[in-house]
Amino acid sequence: MGRLDLDKRYDRRGTDSVKWDHKNFVDSRVSENALPLWLSDMEFKVADEIIEALENRVKHGFLGHSMPGDKYFEAVQGWYKRRFNWDIAKDSIFYSPGVLPALGFIIRAFTKMGEGVIIQPPVFYPFAELIEGTDRVVVNNTLINNEGDYSIDFKDLEIKAKDPNNTMLILCSPHNPVGRVWTKEEITKIVDICQENDVLIFSDEIHCDLTRKNITHYPTKTLTDYNKIITAVALGKTFNVGGVPISQIIIDDDKLKETWHKETRKKHYISFAPPLDMVLTETAYNKCEYWVDEVMEYVEDNFDFLVDYLNEHLPKVKYKKPEGTFLAWVNFGAYVDYEELFEALITKYDLLIENGHTFGESGAGYFRMTVACPRSLLQEGLDRIVEAIKELTEK
Ligand SMILES: Cc1ncc(COP(=O)(O)O)c(C=O)c1O
């Protein structure tokens, strides 16, 4: 028996939660009462230690300008050393108000307008939006999908990396939404290709702590001394604090650091960090490892539940649990057309899960849903999918 009650359901409505209060962000037809299994946001309350530390900090009564100090750096270093045997130098850790803002700074600072940035779809869709939004060109190195087993198309990556107009790769490691945790060999091969062609790697490792038992995540930086790598990590997924604007950007190379400084300090005025967020980071990394481990065990059981549920009710789906993330990527195409199913779920069955199409054309046919929730909630969502499929196939 763990310390946490992860079966407990909470009412999060009325907190301006994107997942619960702003469902029309996805589709204006979604009803107020729709069950939201979308967005990578867990339904588990944050660790008590975090709540207490934040309360104490607020009670102190001062929330003036703050900057990361030794306690903050040591907490970050300790976490990555313990969990990934990664030695990060203090002066390699930079604050950013989120991974995506950092990616925006980096695209602007390290690539020129019109240059190509390689991504591996179906992938977290804000990557493509940011590339387009900064007037760069999205270059797709689409993953190979062998009936749900995803791998990297290295031949294609080599061609794309060789093109001198393509100067950067965004690596999603572990991969959202397909749930792959790239192996040492895969990461090394990606790095070799980028190094040969002088392509900068932005390694987004925000999902690094969310792996299944017996699966190891390797931080890209621990496998190579290629200097053109920038890593992004954050607490958002790991400790379910995705609404908090803090992430750590890891840069070892002096020249890259200089460019980062110029971009963030002189162009965007980012050098301080929110005091509450630093307290949160220190407490989470120093005191809440048990919380992550327990939540990951529950998530693992939820994935097993999902596999069993689908085998029983929708056996043609042939679903396998992913190596990482708390997101299920499921294809119901053996039964129904995905657009028809999405429509029915939204308009009639009050279930909000994400249409795979959003993650790039290669995601069409799939749905993404979070399983980091009480099992009863997951079951309710699945029951609605089964009912919808039943109605659509009996039509
Ligand atoms: C791969 C990936 N990167 C970045 C983010 C968002 O990070 P942030 O909220 O720190 O910008 C997410 C959130 O879902 C994600 O899945």
Before I look further, what does region 313-390 give for accessible area per residue, probe 1.4 Å, in whole square angstrom?
36
First select every other residue whose beta carbon is under 10 angstrom from the beta carbon of ALA232; then total the charges, Lys and Arg +1, Asp and Glu -1.
-2
Using just the C-alpha positions of region 65-287 as equal point scatterers, what log10 of I(q)/I(0) does the Debye formula give at each q in 0.09, 0.15 1/Å?
-0.34, -0.99
Highest-MSF residue in the chain out of LYS221, LYS160, LYS112 [GNM, Cα springs under 10 Å]
LYS112
About the Cα centre, charge dipole magnitude for the chain (Lys/Arg +1, Asp/Glu -1 at Cβ), debye:
780
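Order of 325-331, 388-394 by packing, highest average Cβ count within 10 Å first? Write out the running numbers ahead of the final one.
Details: 325-331: 24.7, 388-394: 14.6.
Ranking, from highest mean packing down: 325-331, 388-394.
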With unit charges on the beta carbons (Lys and Arg positive, Asp and Glu negative) and the dipole taken about the Cα centre of the chain, which residue among ILE250, TYR366, GLY333 sits farthest to the positive side?
ILE250
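Would you mind counting up the charge near LYS45? Only other residues with Cβ under 9 Å from its Cβ, with Lys and Arg at +1 and Asp and Glu at -1. Please list the in-between numbers first.
Numbers: positive: LYS8; negative: ASP5, GLU43, ASP48.
Residues near LYS45 contribute -2 overall.
At a 1.4 Å probe, what is the % contribution of carbon and sulfur to the accessible area of the chain? All intermediate terms of the calculation are to be shown ahead of the outcome.
Working: 8640 of 17690 Å².
Its accessible area is 49 percent carbon and sulfur atoms.
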So, in Å, what gap is there between the alpha-carbon centers of region 348-384 and region 70-87?
34
In whole Hz, with x marking every Gly and Pro, tabulate ³J(HN,Hα) for region 124-141 from phi via Karplus 6.51 cos²θ - 1.76 cosθ + 1.60, θ = phi - 60°.
2, 5, x, 4, 5, 4, 5, 5, 5, x, 9, 6, 9, 10, 6, 10, 8, 10
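Can you classify the chain as rounded, prolate or oblate using the Cα gyration tensor, where a ≥ b ≥ c are the square roots of its eigenvalues, rounded means a/c under 1.5, and otherwise it's prolate if a/b beats b/c and oblate if not?
On the way: a/c = 1.71, a/b = 1.21, b/c = 1.42.
Oblate is the answer for the chain, as a/c is 1.5 or above yet b/c matches or exceeds a/b.
So how much slack lies between ASP308 and PHE25, counting 0.36 nm per residue of separation and subtracting their Cα-Cα distance, in nm? Mind dumping the intermediate values first?
On the way: separation 283, 0.36 × 283 = 101.88 nm, distance 3.18 nm.
Gain on stretching ASP308 to PHE25: 98.7 nm.
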Could you give me the ³J(HN,Hα) list for region 7-17, computed from phi with Karplus coefficients 6.51, -1.76, 1.60 and θ = phi - 60°, whole Hz, x at Gly and Pro?
7, 5, 9, 10, 9, 9, 5, x, 10, 6, 5
For region 351-362, just list the computed ³J(HN,Hα) in residue order, Karplus coefficients 6.51, -1.76 and 1.60, θ = phi - 60°, integers in Hz, with x standing in for Gly and Pro.
10, 10, 10, 8, 6, x, 4, 4, 8, x, 4, 5
Would you work out the charge dipole size for region 40-160 about its Cα centre, treating the Cβ of every Lys and Arg as +1 and the Cβ of every Asp and Glu as -1, and quote it to the nearest 20 debye?
480
Net charge, TYR125 excluded, C-beta distance under 12 Å - Lys, Arg +1, Asp, Glu -1
-3
Lys/Arg Cβ at +1, Asp/Glu Cβ at -1, dipole of region 90-166 taken about the Cα centre: which of TYR95, LEU143, GLY133 is farthest positive-ward?
TYR95
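With charges only on Cβ, +1 for K and R and -1 for D and E, what is the dipole size of region 65-287 about its Cα centre, in debye, rounded to 20? Write out the running numbers ahead of the final one.
Details: 26 positive and 30 negative charges, 115 e Å.
The calculation lands at about 560 debye.
State the antiparallel share, in %, of DSSP beta bridges confined to the chain, rounding to the nearest 5. Present the calculation step by step, with values, prior to reporting the outcome.
Numbers: 19 of 37 bridges.
So the antiparallel bridges in the chain amount to around 50 percent.
The values are calculated or read from the model by the stated rules, or taken from the named source; none is laboratory data. What you see is a predicted model; the values in this text were computed from it and never measured. Positions of Cβ are generated from backbone atoms using ideal geometry, with glycine treated the same way; all protein chains shown enter the neighbour counts. What goes into the accessible areas is simple: the full protein's heavy atoms, side chains included, and nothing from ligands, DNA or RNA. Shrake-Rupley method; radii C 1.70, N 1.55, O 1.52, S 1.80 Å.
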